[in-house]
Amino acid sequence: MNLNECPYPPSPVAVRAMRAACETVNRYPDPSWGALVAAVSARTGIAASRIVVGNGSDELIVNAGRVALEPGDEVVVPVPSFPGYNKCAALFGARVVAVPVRDDGAVDVDAMLAATGPRTRLVFAATPNNPTGAMLPAADVARLAAAVPSSALLVIDEAYHEFAIHAGGDEHLPALARRDGPWASFRTLSKAYGLAGIRVGYCLAGSDDLAQAFQKVRAPFNVNAVAQAGALAAWDDLDHVHGILDATRVERERIAAGLRELGCEPFPSVANFVTARTPRAAAEVVAGLETRGVLISRLMAPGFEQYIRVTVGLPEDTDAVLDGLADLLGRR
Ligand SMILES: *Cc1c(COP(=O)(O)O)cnc(C)c1O
């Protein structure tokens, strides 16, 4: 329960497709992921020429730096948020301008815009945000899209997109489409599709030019043949995804309610994890749970020393984590 992985196996159709793909791995994979891009294009309405597949969206996050950054540039990131953004900035010698999230854990759009200046070349905003779990309404993404200067690449990290839509959240592509400057939405099959192990993410780019910039900086065969086959088969098995989303909501609500009962203060989350302030140091809570065989994570941002993040698991995992926490927080 520490890496926001899906606790359920992937679609059986995807497993069959991956087994079959093993038979032909003497051949290189499709370097332009044709079948997968066509499927993503059909569902998202984004032209195939604007879709770039990555070895996980982790690869796309690093490549956003290759595309946009030079030493001395500024990258605006929310904090706490995904550690990959800081790594991206560090790799290219850029300076991170960290902007605290709102009290509800959502990206603070006004503060992000206030932090954006003439040296800003890249802005990362995750919705729902990891590790807090809150999402932005379309109006907030529209404000980012309109007011981030066109000299900066705006990346909306939608790793939890499917969870947001399932919770009644907005589609952000229409708001992004109205932006004058460069933008990209990053999504992944690692979370809702239960395919973290095969590393497939995709970039929906605001223009052909931007997609070509991402193409130029990537490795030639960046997504292996087994992964492409699995992702394509999983993409079409929406029943499987919906089953995962339904089960995730049930356990997420049990975890949040259980945490509140134990005196913790959870952020409102629509994603596959719950982050909460605990009455004790998070490092002690994490270590204590580990000795009980339960792995969770904690927030590393300054000021969040008492915050833990619990990934939604199976129903029995919810029982185990709440049981362990009851012991550690002296609530029995
Ligand atoms: C999990 C996660 C990613 C990385 O996803 P991969 O596709 O597995 O690399 C990116 N961004 C956020 C916010 C995440 O939580």
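Structure notes:
- Of all residues in the range 183-203, exactly one satisfies the criterion of being more than 27 Å from residue 9 (Cβ to Cβ) and in contact (Cβ under 8 Å) with a residue 40 or more places away in the chain, namely 184.
- Any hit, the range 21-30, residues being open to solvent by less than 10 Å² (accessible area, probe 1.4 Å) and not β-branched (Val, Ile, Thr): no
- Residue in the range 203-217 that is of a type in the set (A, V, I, L, M) and assigned to a strand (DSSP E or B) present: yes
- Hits in the range 292-307 - residues which are open to solvent by less than 70 Å² (accessible area, probe 1.4 Å) and within 22 Å of the chain's Cα centre (by Cα): 296, 297, 299, 301, 304, 307
- Counting the residues of the range 82-107 that are more than 15 Å from the ligand (Cβ to nearest atom), assigned to a loop (DSSP other than H, G, I, E, B) and either within 17 Å of the chain's Cα centre (by Cα) or buried (at least 22 other Cβ atoms within 10 Å of the Cβ) (or both) gives 1.
- Taking the numbered list (1) more than 20 Å from the chain's Cα centre (by Cα); (2) farther than 20 Å from residue 62 by Cβ in turn, residue 152 passes all entries but (2).
- Flag not set for residue 230, criterion: without any contact (Cβ under 8 Å) to a residue 12 or more places away in the chain, part of a helix (DSSP H, G or I) and within 14 Å of the ligand (Cβ to nearest atom).
- Residue in the range 69-77 that is open to solvent by less than 70 Å² (accessible area, probe 1.4 Å), modelled with pLDDT of 95 or more and in a helix (DSSP H, G or I) present: no
- Test: residue in the range 165-188 that is within 15 Å of the ligand (Cβ to nearest atom), closer than 17 Å to residue 46 by Cα and of a type in the set (A, V, I, L, M, F, W, C): yes
- For the range 198-208, residues that are more than 9 Å from the ligand (Cβ to nearest atom) and either more than 26 Å from residue 230 (Cβ to Cβ) or open to solvent by 10 Å² or more (accessible area, probe 1.4 Å) (or both) total 4.
- The set of residues from the range 134-170 being closer than 16 Å to residue 205 by Cβ and touching a residue at least 40 places away in the same chain (Cβ under 8 Å) comprises 152, 153, 155, 157.
- Only one of the numbered conditions (1) within 14 Å of the ligand (Cβ to nearest atom); (2) open to solvent by less than 30 Å² (accessible area, probe 1.4 Å); (3) not β-branched (Val, Ile, Thr) is violated by residue 59, and that is (2).
Rundown of residues vs (1) assigned to a helix (DSSP H, G or I); (2) under 30 Å from residue 29 (Cβ atoms); (3) open to solvent by 50 Å² or more (accessible area, probe 1.4 Å), yes/no style:
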position: 244; (1), (2), (3): yes, yes, no
position: 251; (1), (2), (3): yes, no, no
position: 276; (1), (2), (3): no, no, no
position: 280; (1), (2), (3): no, no, yes
position: 290; (1), (2), (3): yes, no, yes
position: 309; (1), (2), (3): no, no, no
position: 330; (1), (2), (3): no, no, yes
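- Any hit, the range 40-47, residues being open to solvent by 50 Å² or more (accessible area, probe 1.4 Å), more than 15 Å from the ligand (Cβ to nearest atom), touching a helix residue (DSSP H, G or I) at 6+ places or on another chain (Cβ under 6 Å) and under 23 Å from residue 191 (Cα atoms): no
- Restricted to the range 311-325, and to residues there that are open to solvent by less than 10 Å² (accessible area, probe 1.4 Å) and of a type outside the set (Ser, Thr, Tyr), the residue that is farthest from residue 134 (Cα to Cα) is 324.
- All positions within the range 260-274 that are over 21 Å from residue 244 (Cα atoms) and open to solvent by less than 10 Å² (accessible area, probe 1.4 Å): 264
The values are calculated or read from the model by the stated rules, or taken from the named source; none is laboratory data. Predicted, not measured: the structure shown is a model, and the values here were computed from it. Cβ coordinates were reconstructed from backbone atoms using ideal geometry, including for glycine residues, and neighbour counts include every protein chain displayed. Side chains are part of the model used for accessible areas, which takes the heavy atoms of the whole protein and leaves out ligands, DNA and RNA. Shrake-Rupley method; radii C 1.70, N 1.55, O 1.52, S 1.80 Å.
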